[in-house]
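Notes follow the structure.
The values are calculated or read from the model by the stated rules, or taken from the named source; none is laboratory data. Note that this is a predicted model, so its numbers are computed, not measured. FYI the Cβ positions are ideal-geometry reconstructions off the backbone, even for glycines, and counts take in every protein chain you see. Accessible surface is based on the protein model in full, side chains and every heavy atom, while ligands, DNA and RNA are left aside. Shrake-Rupley method; radii C 1.70, N 1.55, O 1.52, S 1.80 Å.
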Amino acid sequence: MDIARVDQIIDRYGADESYLIQVLLDIQTENNWLPHEALERVAERLRVPLSRILHIATFYKAFSTVPKGRHRIHVCMGTACHVRGAQRVLDAVQEATGIKPGETDLELKFSLETVNCLGCCALGPVMEIDGKTYGKMTPAETAEALRNHD
Amino acid sequence: MSEVRLQIDGQEVAAPEGATVLEAAQGAGIPIPTLCHHEKLEPFGSCRLCTVEVERGGRKQHVVSCVYPVAEGLTVRTRTPEIERIRRVILELYLAHAPEAPRLKALAEEYGADKDRFGKESSFCIHCGLCVRYCAEVKKKHAVGFINRGTKKEIAFVPDIAARECWKCKECFPLCPTSWLQAAYVLVEGILFPREEQQA
Amino acid sequence: MERLHSPAELEAFRKAVLTDRAPDQPCITLCAGSACHACGCNDVAEAVRVELAKQGLADRVHLRLTGCHGFCERGPILVIQPESVCYFQLTAADVPEIIEKTVKAGERVERLLYVDPDSGDPLAREDEIPFYKHQQRIVFGSNGSIDPKSIEDYVAIGGYSALAKALSEMTPEQVLDEVKRANLRGRGGGGFPAGIKWEGTRNAPDPVKYVVVNADEGDPGAYMDRSLLEGNPHAVLEGLILGAYAVGAHEGYVYVRQEYPLAVENVTLAIQKAEELGLLGDDILGSGFSFRVKVHRGAGAFVCGESTALMTALEGRVGEPRPKYIRSNVRGLWNRPTVLNNVETWANVPLIIQNGADWFTRIGTETSSGTKIFSIVGKITNTGLVEVPMGMPLRDIVYKIGGGIPGGKRLKAVQTGGPSGGCLPEHMLDLPVGFDELTQAGSMMGSGGMIVMDEDTCMVDVARYFIEFLTDESCGKCVPCREGLRQMLAILTRICRGEGRDGDLEILEDLSVVAKEAALCGLGKSAPNPFLSTLRYFRDEYEAHIREKRCPALSCKDLIAFHIDPDRCRACGRCRRKCPAEAISGAKNVIHQIDQDLCTKCGTCLEVCPERFGAVRKISGEPVPPPLPEDQRTVRARG
């Protein structure tokens, strides 16, 4: 990621350490992950120790310090989805993609994450692919939905 | 600063206002075990081993003595059957990670903790944060920090800073209650920093 | 927009908005909440726009996209005003007929109406439908009638009049006193009285104070705060401004999960609009009182719902709770006195100021006043958000509003209070739902999640699920939580796999006590609750898993097997074709069999086996019958 772009994002808020998480969120949204140079730049501009930024970047779920796949799969593991069979949907996704939650496949095609509630409990079990919600999923439909992505 | 009088294990103790129960007890020679406490550092309250019972106005609760402030008329009990149980289980949880650490073994003996009660996950680090906090608060170098959270949390050296600072300092090594830190550093050092750079 | 300088100018603005709107002009409101969004309300909205234009009705009929109506099970939901005709589960293809018949001719499209499950009659109006009829929607009700992006809509229904009243007629002490007398208890967790919390902040000597909206709703299965903030952000803001006035704060924050993008968008816009109108900023409505609000997105950590962790996150740090014994209303954000309440709590404040504490305490019970929004989810017919007066029996919520358990199954338990709450068994359904009643029963109110479980839900697995959730969400700072939960999870996982041992329950109880007594924050202290409450009411299920290696609910994968009954199989081949693991053998007229080594226990075979055959069985605690010899595999079932 371009350092000038990191500076622009920081300037949106002002170089104040209380905006650290907001700045990192914007970098994450724009770049899909947090490259080390970007973090170093943020540390320098906001005058926050890099060790603290590294803790933040690995503490919160929204952040990733490694590149992510082209398609992002979120399987909801919220309670409502859980009692309606979310584990079966997750199993089906793992079966189809060969990756576990938190992983990205080698071709950078899919990244898989579990999330704790997407607030669509009426549609459970729910999964999202690239932000599009798929509701009332069965293992068979899950595999089908994944086949439509390349 | 005015003085506060309280009772610890039946003994009348005076302590300055703003002191913690731990400091008051230490001043009176009453031992309370700690793992994450260091007098030069801000209280961290993570190891929970210094848990004591405080009673005020008839209300009892368990608190960590390294953070809880003294108060006039406070009654403190540092050893009750519940506290023994809490410390024993906490030690057993730690021993799953660092079963051979001498300090943990000594404490385990005192509290009757079984080092084999839980499945071993030898990570050696018990997350007391002494190294991280000492480096940040006393040395102001931030060469070592935490990464990740929850059960995945661990300590990690920041290579660029560690290469510059750690070689000549190493003051955090003796603080580590499991003596693991030194090994971690040596490993990072071996992998990441060429010898010449350290000498320079 | 012109800045308003006095309560009188706000009234004039309200009149102008209302004059522009003919009350009998038809208006189509369409739920655009998150759940309806996911089932295609955008396509429906587009179809309405196209159709209105096509039929030349675009200027006569208004389309309003609103927040969540609550009846998420039946989305997308469309309501036609002024008659309040509700249509459910529609698609874009239904729109022309609706416009033709209902909007133009005043007739109803019967097939899209709600059908009363008891009488079989179609019901057209919201107030006739059981799901809505038994609710009392004082906080949540406006969601269905306003566009959250329009401050005019909020003002039109009386919005910001509580603020005008407070600023012009009441002192800060009077506002505080009203909230105290109303006995408004926090709707986000422990149920601490908001007025007492506010008073501590007001009385704290530090002149700089903060007020914060906790919109880091993280309990899985609870989404009422999301729906409120998305659907009625101005109500939350108005409450926050009132709180700031009462305690003397001039800065506030909305801490909202970035996983709720629509909530972030709507509240940010609401702040901007309120600033333009002079309802935020300097000298609000000419009162001399100044107050500003910033939105801070949370980066995803359940522990940040804990008040001290949320405050460290607001400061731009890792969201670990602080080891402090001083309350955050005295020393909170940047060590300043800080009032933190959740979305629903703040949204109640304007109602209390507008209608008075006496009105508020008449709703609900003596110790729990007002209403509470619950998200009723899981094995329930009408999934959705419901707002009921406190004290309503659990049974009424589940059956009268929730419509009972689908598929003719039996209710087993209702889990309330989120991961830190507990499970209430069937025989406690007559419990009136209030803060203290739930706590006494071993659960809690929490933020109002209500997860219904039926006979297919394994209670050991539910405990394992919540402990796994909490292990994953533990910040990792203190050992009773980080390590204690890790060990609890390992043991519960073993039990669910049929590898439980004698003594496991005692170890779990030991770890529970230590977490409860010695963990640093509320998350850790309450973390054992899911285990303790399931053990209290469902000990027999734990014992079946440990002693008999049997899962009574037939749910734990390692303890069940699928088997095709040779006497019932008709060799229709459905299960064989659908099996994702290709574990089923068979052919035309050949009895189908499951290869237990290949089977992944996904349950697809059971789902697809035609009901009239009912050949696939789930078994637990007994050996799987051996495969049939090849010469006995000809289909026997007839008929």
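Some values worked out for this structure:
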{"item": "Subset tally (residues that are in a helix (DSSP H, G or I) and within 20 Å of the chain's Cα centre (by Cα)) for region B:138-175", "result": "7"}
{"item": "Some residue of region C:205-225 being open to solvent by 20 Å² or more (accessible area, probe 1.4 Å), charged (D, E, K, R) and within 25 Å of the chain's Cα centre (by Cα)", "result": "yes"}
{"item": "Which numbered condition residue C:546 misses (of (1) at pLDDT below 95; (2) open to solvent by less than 50 Å² (accessible area, probe 1.4 Å); (3) of a type outside the set (Asp, Glu))", "result": "(1)"}
{"item": "Out of B:56, B:48, sole residue that is modelled with pLDDT of 95 or more and not hydrophobic (A, V, I, L, M, F, W, C)", "result": "B:48"}
{"item": "Selection from region B:14-29 of residues that are within 17 Å of residue B:63 (Cβ to Cβ) and open to solvent by less than 70 Å² (accessible area, probe 1.4 Å)", "result": "B:15, B:18, B:19, B:20, B:21, B:22, B:24, B:25"}
{"item": "Residue C:450, sole failed condition from (1) part of a strand (DSSP E or B); (2) more than 20 Å from residue C:136 (Cα to Cα); (3) open to solvent by less than 10 Å² (accessible area, probe 1.4 Å)", "result": "(2)"}
{"item": "Qualifying residue in region C:468-479 (condition: more than 12 Å from chain B (Cβ to nearest Cβ) and either open to solvent by less than 10 Å² (accessible area, probe 1.4 Å) or outside any loop (DSSP other than H, G, I, E, B) (or both))", "result": "no"}
{"item": "Qualifying position, being of a type in the set (Asp, Glu), under 30 Å from residue C:168 (Cβ atoms) and under 28 Å from the mean Cα position of the chain (by Cα), among C:315, C:320, C:344, C:366", "result": "C:344"}
{"item": "Single residue of region A:65-97 satisfying the filter (surrounded by fewer than 19 Cβ atoms within 10 Å (Cβ to Cβ) and under 30 Å from residue A:37 (Cβ atoms)) that is nearest to the other protein chains (Cβ to nearest Cβ)", "result": "A:65"}
{"item": "Selection within region B:54-97 - in a strand (DSSP E or B), surrounded by 21 or more Cβ atoms within 10 Å (Cβ to Cβ) and touching a residue at least 60 places away in the same chain (Cβ under 8 Å)", "result": "B:76"}
{"item": "Failed criterion for residue C:521 (all others in (1) modelled with pLDDT of 95 or more; (2) of a type in the set (A, V, I, L, M, F, W, C); (3) open to solvent by 10 Å² or more (accessible area, probe 1.4 Å) hold)", "result": "(1)"}
{"item": "Top-ranked residue in region C:296-334 [being of a type outside the set (Lys, Arg), within 14 Å of chain B (Cβ to nearest Cβ) and without any contact (Cβ under 8 Å) to a residue 24 or more places away in the chain; ranked as nearest to residue C:226 (Cα to Cα)]", "result": "C:312"}
{"item": "Restricting region B:72-100 to residues that are more than 11 Å from chain C (Cβ to nearest Cβ) and within 18 Å of the chain's Cα centre (by Cα), the residue that is nearest to residue B:114 (Cα to Cα)", "result": "B:99"}
{"item": "Candidate set from region C:587-608 (those that are in contact (Cβ under 8 Å) with a residue 40 or more places away in the chain and open to solvent by 20 Å² or more (accessible area, probe 1.4 Å)); member that is farthest from the other protein chains (Cβ to nearest Cβ)", "result": "C:589"}
{"item": "Region A:113-125 residues that are within 7 Å of chain C (Cβ to nearest Cβ) and surrounded by 22 or more Cβ atoms within 10 Å (Cβ to Cβ), paired with ones that are in a helix (DSSP H, G or I) and of a type in the set (Asp, Glu) (beta carbon under 6 Å, 6 or more apart)", "result": "A:122/C:73"}
{"item": "Failed item in (1) within 24 Å of the chain's Cα centre (by Cα); (2) β-branched (Val, Ile, Thr); (3) more than 14 Å from chain B (Cβ to nearest Cβ), with residue C:293 passing the rest", "result": "(1)"}
